[in-house]
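The structure under discussion appears below in the form of C-alpha cells.
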Amino acid sequence: MPAETDRRFVLKALLAAGGALAFDIELATAATGPAAGPALGAFVRLNPDNSVTIIAKNPEIGQGVKTMLPMLIAEELDVAWSAVRIEQALVDPARYGPQVAGGSTATPTNWLPMRQAGAAARAMIVAAAAEQWGVPAAQLTTAAGEVSHAASGRRAPYAAFAAAASRQAVPAMATLTLKDPARYSIIGQPQRGVDTPAIVRGEPLFGIDTRLPGMVHAALLTPPVRGAVLRSFDAAPALALPGVLKVIPLRRIGEADAPIDALAVVAESWWTASEARKVLLATWDNEGRERHSDAAFAAAAQAAHAGKPQVPVLARGDAATALAGSARQLTATYTYPFAAHATLEPQNCTARFAEGKIELWAPTQLPGGGAALIAKTLGLAPGDITIHLTRAGGGFGRRLQNDYMALTAAIARELPGRPVKLLFDRQEDFKLDFFRAAGFHKFEAGLDAAGKLVAFRNHLVTFGANGKPGRGADLEATVPAELVDHADLGVTVLETNVPLGWLRAPGSNALAFATQGFLDEVAAAAGKTLPDLMLDLLGAPRSIAPPAGSRSPAFDTGRAATVIREVMRQAEWRGATPGRGFGFYFSHRGYFAAVADCRREDGGIRPVKVWVAGDIGSTIINPLNAEQQIRGSVIEGMGHVLSGLKVPIDQGQVQVANFDGYALPRIDVVPEIAISMVRSDNPPTGLGEPAMPPAIAALANAISSLTGQRLRTLPYEPA
Amino acid sequence: MKFALTVNGKARTVEAPGDKPLLWVLREELALSGPKFGCGQGLCGACTVLLDGEAVRSCSTPLSAVGKAKVTTIEGVGATAVGQRLRAAWVDLDVPQCGYCQAGQIMSAASLLAANPRPDDAAIDAAMSGNLCRCGTYHRIRAAIHQAAAGGTRRAARDGETGHAG
Ligand code: FES
Ligand code: FES
C-alpha cells in the first residue's frame with residue numbers, strides 16, 4: 001500500500017452552472033498516472049451562497065477520514081467549518097489517487113497536498129479580489145470565507161469573486177505559503193463527525209441500507225469446510241418457497257488466493273432467501289482441506305521450532321555464538337490464535353448489471369481492488385464498472401478484501417437489469433473472513449554478566465503459501481532486533497485452508513504481544529522492569545534505518561524513549577507492581593507506550609485503568625476523533641488479550657458462528673483510559689492503528705504480573 | 001398474512017409471514033433501515049427497537065408476536081423528550097465511530113431512561129451490555145446517557161470521560 005507522499009496534483013478552476021466556482025483537483029500519483037479525461041463535478045465547489053462543498057475521497061469506515069481530509073482543505077482555503085458541506089466521492093483513482101482506508105495512511109499521504117490545494121484555491125480568489133478592487137494582493141487578508149482590505153475597509157464574500165477567480169492563473173505550488181499553525185481555526189480543533197447527525201436519526205448511510213427500485217436480495221450458502229468445492233445441490237425445494245426467485249451456483253469466485261464455491265439464493269426478501277438456504281441439499285468436496293486443524297498446526301510448529309527457520313528475515317552479528325557465550329540464557333514460546341474482524345455490519349454489496357456494464361454500492365476499504373477483481377471475474381473493462389462508496393459499519397482491515405463484491409457481481413450477472421443486494425449472515429461473515437494469522441514464536445535471549453541483552457533470536461512459525469507468509473503474517477524486524485549486537489530472525493511457513501488478511505495493526509497486533517512479553521521476561525531476569533530495559537536498549541536518540549529492502553520507515557529511538565518516559569510519568573511507574581504491565585510499540589509511523597492496571601474480579605481479571613502516551617508528530621488534526629481512535633484501540637486490544645478474539649480451526653472448519661463464540665468487550669468491562677499525546681516536530685501520521693499493539697502488550701504483561709504466571713498464549717483463559 | 005402495526009405513531013399494514021422477524025419487516029417492508037442487522041440471534045443489540053417503550057431485539061421478535069404493541073425505531077425516537085435529549089447528547093459528544101451500532105445503543109438507552117431517569121454507571125452498564133460496539137465507543141455512550149438524563153447539560157456528560165487526546 002503506498003504510504004509515501006509521492007503525490008502531485010493538477011488544479012483547475014472553472015465557473016460552473018449557476019455561478020459556482022469549481023476547483024477541480026486531480027490527485028494523481030506516479031503510480032496511477034494522470035486522469036484520463038475531463039472529470040465530472042469538482043473536488044471543491046464554492047457555491048453562490050458562499051458555502052463550500054468538498055468531496056470526501058476516501059472510504060469512511062469509522063476512522064473519521066470523511067471529516068478529517070476536508071478539514072485540511074477548509075483550513076487553508078480559510079473558510080468557516082460551518083459553511084462546509086461534504087459529499088462522498090465516486091471511485092475514480094485516476095482523479096483522486098488511491099482511495100484507500102487502511103494502513104493509517106490517509107494522514108501522511110494527504111497532509112501536504114490537501115492543504116496546498118486549499119491554499120492554491122484561496123490564492124486565486126485573493127488574486128481575483130485584488131484585480132477587481134485594484135489593490136495589491138499582498139494587502140488583502142481572508143477569514144471565514146471573506147476577503148478584506150483593511151486600508152479601505154472593503155470586504156466581500158469569496159463567492160463575489162467566483163467568475164474572476166476562475167480566470168486566474170493557477171499559482172505554482174512553490175509560491176504558496178501555508179498557514180502558520182498558530183493561526184489554525186479548524187485543524188487541531190475538535191470537529192464532530194460529519195455524518196453524526198444522520199447516524200442518530202437512523203438515516204440510510206451504510207452499504208446494507210442501499211435500496212434501489214426493483215431490488216432483490218441474496219443470501220449465501222457456503223460449505224462447512226472453507227474452500228470446499230460444490231458437488232451437487234437441489235434447487236427445487238428452495239424454488240418452491242414463496243418469494244424465492246433463483247438459486248445460483250457460484251464456482252471459484254472471490255480473491256485470487258481464496259476463491260470459494262457457494263450457492264446464492266435470490267428472493268424478494270433477504271429473510272426469505274436466508275431461510276431457503278436450509279433446503280438446498282448441497283454436497284461438497286473437501287478435497288483434503290479437512291486436514292487443517294489447530295492441533296496439527298501446533299504439532300507442526302513444535303517440530304519446526306526444533307530446527308532452523310525456513311526463511312531468514314534478519315541476521316546481525318553472530319547470534320548463535322553470542323548466545324552460547326552469554327552468562328544467562330532465556331527461551332520461551334509465545335503463541336496466538338487466528339482472529340476474525342467481526343465488523344458489526346456484515347459484508348454486503350449491491351449491484352446492477354446491464355448491457356455489459358455494472359454499477360455497485362459497496363462498503364469497501366479498497367474500492368480499486370474491488371474494481372480490479374470484478375473486471376477479472378466478469379471479464380469487463382475498468383470503464384464499465386462504477387462504484388459508489390457507502391459508509392462502512394467498521395472495517396478493521398476486513399474490507400481490504402473484496403470477495404463480497406466479486407460474489408455480488410457474479411450474482412448480478414445472472415439477473416440482468418435487476419439490482420441485487422448480497423448480505424452475509426453472521427455465520428457466513430465469520431466463515432468467509434480473512435483471518436489474522438495464528439503464530440508460534442520461539443524466542444531465545446542471551447544476557448551478559450551485567451544483565452545486558454547481547455543476543456536475541458526469534459523463530460516465527462507462521463502461515464502462508466510456498467514459503468511466503470500470507471497477509472499480515474510476516475515477521476518484521478522490531479524492537480529489540482535492531483538494538484542488540486547479535487540478532488537472528490526467521491520464519492517457517494505453514495499452510496492453512498483459511499485465508500489470511502489484514503487485521504487492524506497487522507503483524508504488530510501479534511508481534512507486540514509476543515516480543516514485549518518476552519522482553520518483560522528478559523527484564524525480570526536482569527532485575528529490571530520493562531520500561532527501564534527499553535530505555536537502556538534504546539540508548540541515545542538516533543534514527544535507525546530499516547533493514548535493506550524493507551518498506552518500513554526509519555525508527556527514532558528518541559521519540560520512542562520520550563513516549564515511554566511520558567507514560568511512566570502519567571502512570572507514576574515505580575518499579576514492579578502486581579497487576580501492572582507495560583508495553584511499547586512502533587507501528588504505522590506512530591510511537592506509543594501503554595501501562596495497564598488489572599485486578600481480579602468475579603473470578604476473572606479486569607483492567608481498571610490504561611494509560612497511553614503517543615507521538616504521531618506535530619499535529620493532532622481532529623482531537624475529538626483522535627480520542628475515539630485511541631480508546632477504540634485499547635478496547636480492541638482488550639478483546640485480543642482478555643475477551644477472546646480467537647477463531648479455532650478444526651478439520652478445516654471455522655469454529656465460530658456468532659458473537660456468543662467470539663467475545664468482544666462490552667460496556668461493563670471497559671477501563672478508565674488516560675491519554676497523553678506528545679508533540680514532536682514531525683509531519684502528522686495516522687492514528688487508526690498504532691495505539692493498539694502496545695495496549696495489547698501492556699494488558700498481557702499486567703496479567704502476568706497479577707497471576708505470577710507468564711501469559712504466553714493469547715487470549716488469557718482462567719485456569 | 002396481513003398484520004396491522006403501529007410504527008412510530010403511524011398505523012401500518014404489512015403482508016408477510018408471521019415468523020418473519022420484525023427487523024426485516026421494518027427494513028424491507030417499511031423502509032425503516034435505522035434498526036440494523038448484526039447477528040440475527042439477539043447477541044449484539046444492533047437491531048434494538050422499542051415495543052411499548054421497552055427495548056427488544058427485533059431480529060428475534062417474530063412479526064406475529066408484536067400484536068398491538070407500539071413499535072418505535074430510531075427514526076421515530078425523536079418524538080419523545082427522552083429520545084430528543086439522547087439524540088442531542090449523542091451529537092454533542094460525537095459518540096459514533098463507524099456508527100453502525102448507534103441506533104441500537106440509543107434505543108436501549110431510551111428504554112433505560114424510561115425506567116430509570118437518573119441511572120448511575122452500574123445501571124447503565126447493566127442495561128447496555130447487550131449492545132455491542134465493535135469500535136469501542138463505550139465511554140461516550142455512558143457520558144451521553146448521563147448528559148441526556150441530566151437534561152442535556154455538559155457537566156454530567158463528562159462524568160464518564162477519563163482522558164483527552166491532544
Ligand atoms: S441483530 Fe438483533 S441482536 Fe444482533
Ligand atoms: S460505532 Fe462502530 S460499532 Fe459502534
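Conditions (1) assigned to a strand (DSSP E or B); (2) small (Gly, Ala, Ser); (3) not assigned by the TED database to the domain that holds A:ILE55, marked per residue:
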site	(1), (2), (3)
A:PRO70	no, no, no
A:ALA119	no, yes, no
A:GLN132	no, no, no
A:ALA138	no, yes, no
A:SER148	yes, yes, no
A:PRO171	no, no, no
Enumerated strands (runs of 3 or more DSSP E) restricted to the stretch A:265-365, each holding at least 1 residues that are in contact (Cβ under 8 Å) with a residue 60 or more places away in the chain and open to solvent by less than 30 Å² (accessible area, probe 1.4 Å): A:311-316, A:328-336, A:348-354, A:357-362
Qualifying residue in the stretch B:80-103 (condition: modelled with pLDDT of 95 or more, more than 16 Å from ligand 2 (Cβ to nearest atom), in contact with a His (Cβ under 9 Å, 6 or more places away or on another chain) and more than 23 Å from A:GLU345 (Cα to Cα)): no
Test set (1) closer than 30 Å to A:MET71 by Cα; (2) at the interface with chain B (Cβ under 9 Å from one of its Cβ atoms); (3) in contact with a strand residue (DSSP E or B) (Cβ under 7 Å, 6 or more places away or on another chain) - A:GLY632 fails condition number: (3)
Single residue of the stretch A:48-64 satisfying the filter (more than 14 Å from A:GLU345 (Cβ to Cβ) and hydrophobic (A, V, I, L, M, F, W, C)) that is nearest to the other protein chains (Cβ to nearest Cβ): A:ALA56
Index of the failed condition, A:ALA163 passing every other in (1) part of a helix (DSSP H, G or I); (2) closer than 28 Å to A:PRO363 by Cβ; (3) more than 7 Å from every other protein chain (Cβ to nearest Cβ): (2)
Within the stretch B:44-140, helices (runs of 4 or more DSSP H) holding 3 or more residues that are within 16 Å of ligand 1 (Cβ to nearest atom): B:102-115
Residue that is away from ligand 2 (no atom under 16 Å from the Cβ), in the same structural domain as A:ALA554 (by the TED database) and surrounded by fewer than 23 Cβ atoms within 10 Å (Cβ to Cβ), where the choices are A:GLY644, A:GLY686: A:GLY644
Whichever residue in the stretch B:122-138 is of a type in the set (S, T, N, Q) and at the interface with chain A (Cβ under 7 Å from one of its Cβ atoms) and, among such residues, is least open to solvent (accessible area, probe 1.4 Å): B:THR137
Selected residue (criterion: farthest from the other protein chains (Cβ to nearest Cβ)) from residues of the stretch B:2-41 that are in contact (Cβ under 8 Å) with a residue 24 or more places away in the chain and on the phi > 0 side of the Ramachandran plot: B:GLY9
Where A:ALA674 falls short, out of the listed (1) within 19 Å of A:ARG504 (Cβ to Cβ); (2) not in a loop (DSSP other than H, G, I, E, B): (1)
Filter result (open to solvent by 10 Å² or more (accessible area, probe 1.4 Å), in a loop (DSSP other than H, G, I, E, B) and out of contact with any Pro (no Cβ under 8 Å at 6 or more places or on another chain)) within the stretch A:416-449: A:PRO416, A:GLY417, A:ARG418, A:ASP448, A:ALA449
Number of the condition not met by A:ARG154 [criteria: (1) open to solvent by 60 Å² or more (accessible area, probe 1.4 Å); (2) under 26 Å from A:THR619 (Cβ atoms); (3) among the basic types (Lys, Arg)]: (2)
Residue ID - farthest from ligand 2 (Cβ to nearest atom), chosen from residues in the stretch B:70-79 that are touching a residue at least 60 places away in the same chain (Cβ under 8 Å) and open to solvent by less than 30 Å² (accessible area, probe 1.4 Å): B:VAL71
Number of positions in the stretch B:59-77 that are under 11 Å from the mean Cα position of the chain (by Cα) and more than 12 Å from B:LEU5 (Cβ to Cβ): 4
Checklist (1) hydroxyl-bearing (Ser, Thr, Tyr); (2) open to solvent by 20 Å² or more (accessible area, probe 1.4 Å); (3) touching a Lys or Arg at 6+ places or on another chain (Cβ under 8 Å); (4) in a helix (DSSP H, G or I) applied to A:THR377, failing item: (3)
Test result for A:LEU483, of a type outside the set (Lys, Arg) and surrounded by 24 or more Cβ atoms within 10 Å (Cβ to Cβ): no
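The values are calculated or read from the model by the stated rules, or taken from the named source; none is laboratory data. Since the model is a prediction, treat every value here as computed from it, not as a measurement. Quick reminder, even Gly has a Cβ in these numbers, built from the backbone with ideal geometry, and neighbours come from all protein chains shown. When the accessible area is computed, the model is the full protein with side chains, heavy atoms only, and any ligands, DNA or RNA have been set aside. Shrake-Rupley method; radii C 1.70, N 1.55, O 1.52, S 1.80 Å.
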